[in-house]
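Peer 1: Following this message is one structure expressed as structure tokens.
The values are calculated or read from the model by the stated rules, or taken from the named source; none is laboratory data. Keep in mind that this is a model prediction, so the values were computed, not measured. Positions of Cβ are backbone-derived with ideal geometry, glycine not excepted, and every protein chain shown enters the neighbour counts. Quick note on the areas: whole protein, heavy atoms, side chains included, nothing else; ligands and nucleic acids left out. Shrake-Rupley method; radii C 1.70, N 1.55, O 1.52, S 1.80 Å.
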Amino acid sequence: MKLYKLDTIIKGELLRHGLSIHHYVKRAYLGLQFLRTVQLDSAIFIKTATLTILDNKVIIPEDYVDFVRIGIPNGQYVTRLSPDQNLYDGTSVDEDSLGDTTYWYPRINKYGENTGGYFGFQWENQSTFKVLHSEGKILLNDNVVNAATDGTILLQYITDGLASSRPDSTGAAEPSIIYVHPFAVDALRAYVDAESAKDGNRFVSRELEQKYYNELRKYRARVSGITIGMIKNSLRKRSGAFPKG
Amino acid sequence: MTKGLLAERIFRLYKGGDPSDDSGLGIEDVKRMVVAQANLLLKTETLTLNKQFGEEAPTNLMLATYEDVSTEAWGTVQSRALLPAMPVSLPLNAGVWWVSPDADDATRHDQFIPMQQGQWNLIRNEEFIEGNLLLGNRTYEVDGKYLVFPTDITSTIPKLLIRLAVTDFDELGDYDLLPIPADYEEQIVQECLRLLGALPPAEVDDTNDANSKS
């Protein structure tokens, strides 16, 4: 997949405006700010990571914003785990000590689908997790730890795009490099231009802000991938043949 | 035009002929004056004339290259390098124009990113910082006569290549060409003579009317 380095884009900006390297830091920071903001609402990129379990927990990646799916790899599929706010970060539960107490847990099949059938309320140990935001970790139920035979789980999450390391072609991590999706390059440039001009002529600044807004719209359109045909289909979907009343 | 010739010309004009040995003003003083005026003019050109054309880079005549500048550990965490000369003061510390490793490979082109005093502290916890690297680039701050690096780079980069915006007095011999455009020579002579008191100060017309002061 073609990606551009933020560093290259910023240096290109300096070249375009005839500026020296002494203007680099401010523009690099603006570029970072753009990526941080724009990827929260305009473009959501989903990443998948395999995380190693340690003491019933896994460490959340640094570019994590929110989870999409957490599960245990099961062949070509993923057995989905369920969020459980009651999960407690304590010692393992001794099932015998629970006595006759009945617990209610959601029933979910290996494809992550709710299977229903909540009758009888028998004790059932389910695979659940809880995101511990303060620790930057995900807490896993004992069942998950037992089920994950290779000691890993799969996390699909929304990324802010700012993971600073990405393996290069040889597999070694490149430190401190941030990559930008080609769709976002023009909008990023327009944002850096608009923000940099705010200290100067306000008419120029307003024009650049307008340009940024337009570039952002183009970026959103490119990322969403919506076509005229898809919009038409969406409108037609609700209409069908009905007997005349 | 060389520094020596220019200085001698000013000296003769000041003394009204060949100066005698017991002159209170020495030729070395005039040479220093010439270089100081040259630096001043080149700085003015960078900040006024070049800026009008959207050009930020100082003229090549103003840049002096220094190789083999050693880095040294500074405390247990940082490192630093002594500037080989004091650069002229330009906005954003652009007087220090270029810093890179003085190596025989491609890293010679890896220009360090300049930061203003204290900027490193503002951004060091951002995602684009890892170790000393800002988006993969090394950084430095200018602290008086030193370049300061956030981490100890002495083992990986023992020597630096530095370009400074300066006309370095010590680097210029009497018969080296003075790195200034030809049109600046007369200005330097005039300014030096004015400083020495040989020329009357330029008259300033304080009254904003059609009449000249005289």
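Peer 1: In whole Hz, with x marking every Gly and Pro, tabulate ³J(HN,Hα) for segment B:32-37 from phi via Karplus 6.51 cos²θ - 1.76 cosθ + 1.60, θ = phi - 60°.
Peer 2: So the J values, rounded to whole Hz, are 4, 5, 4, 5, 4, 5.
Peer 1: Summed for both chains, how many Å² of accessible area, to the nearest 100, are buried between A and B with a 1.4 Å probe?
Peer 2: Working: alone 16100 and 12650 Å², together 26750 Å².
Chain pair A/B: roughly 2000 Å² of buried accessible area.
Peer 1: By how many nm would the segment from A:Lys244 to A:Thr152 grow when fully extended, if each residue of separation counts as 0.36 nm and the alpha-carbon distance is taken off?
Peer 2: Full-extension gain reported as 27.3 nm.
Peer 1: Ok, one more. Using only the alpha carbon atoms of segment B:55-118, find the Kirkwood hydrodynamic radius as the inverse mean reciprocal pair distance, in angstroms to one decimal.
Peer 2: Radius from the Kirkwood sum: 13.6 Å.
Peer 1: Be a star and scan segment A:22-56 for residues whose amide nitrogen sits under 15 Å from the point 7 Å along the Cα-to-Cβ vector of A:Asp89.
Peer 2: A:54-56
Peer 1: Among the listed pairs A:Lys57/A:Lys110; A:Lys5/A:Lys218; A:Lys130/A:Lys237, which have their C-alpha atoms separated by more than 28 angstrom in this model? Provide the component values of the computation, followed by the final result.
Peer 2: Details: A:Lys57/A:Lys110 21 Å; A:Lys5/A:Lys218 21 Å; A:Lys130/A:Lys237 38 Å.
In this structure, A:Lys130/A:Lys237 lie more than 28 Å apart at Cα.
Peer 1: Another one. Taking the Cα-to-Cβ direction at A:Leu132 and at A:Leu235 and moving 7 Å from each Cα, how far apart do the two end points lie in nm?
Peer 2: 5.3 nm
Peer 1: With a 1.4 Å probe and every protein chain left in place, tell me how much accessible area B:Tyr14 has, in Å² to the nearest 10.
Peer 2: 80 Å²
Peer 1: Using a 1.4 angstrom probe and counting only protein chains, how large is the accessible area of B:Trp74 in Å², to 10?
Peer 2: Using a 1.4 Å probe on the heavy atoms, I get roughly 90 Å².
Peer 1: At 1.567 mPa s and 4 °C, plugging the Kirkwood radius over alpha-carbon pairs of segment A:198-245 into Stokes-Einstein gives what diffusion coefficient in µm²/s?
Peer 2: Stokes-Einstein gives a translational diffusion coefficient of 90 µm²/s.
Peer 1: Moving on. Going by accessible area, probe 1.4 Å, with all protein chains left in place, what is the ranking of B:Leu13, B:Leu42, A:Leu15, B:Leu199, largest first?
Peer 2: Highest to lowest solvent-accessible surface, that is A:Leu15, B:Leu13, B:Leu199, B:Leu42.
Peer 1: For A:His181, A:His22, A:His17, B:His109, give me the order by solvent-accessible area with a 1.4 Å probe, most accessible first, ignoring ligands, DNA and RNA.
Peer 2: The residues order as B:His109, A:His17, A:His181, A:His22, largest area first.
Peer 1: List the lysines whose Cα lies under 29 Å from the Cα of B:Lys43, skipping any in the same chain that are fewer than 8 positions away.
Peer 2: Straight-line reach from B:Lys43, under 29 Å: A:Lys11, A:Lys26, A:Lys198, B:Lys3, B:Lys31, B:Lys51, B:Lys145, B:Lys159.
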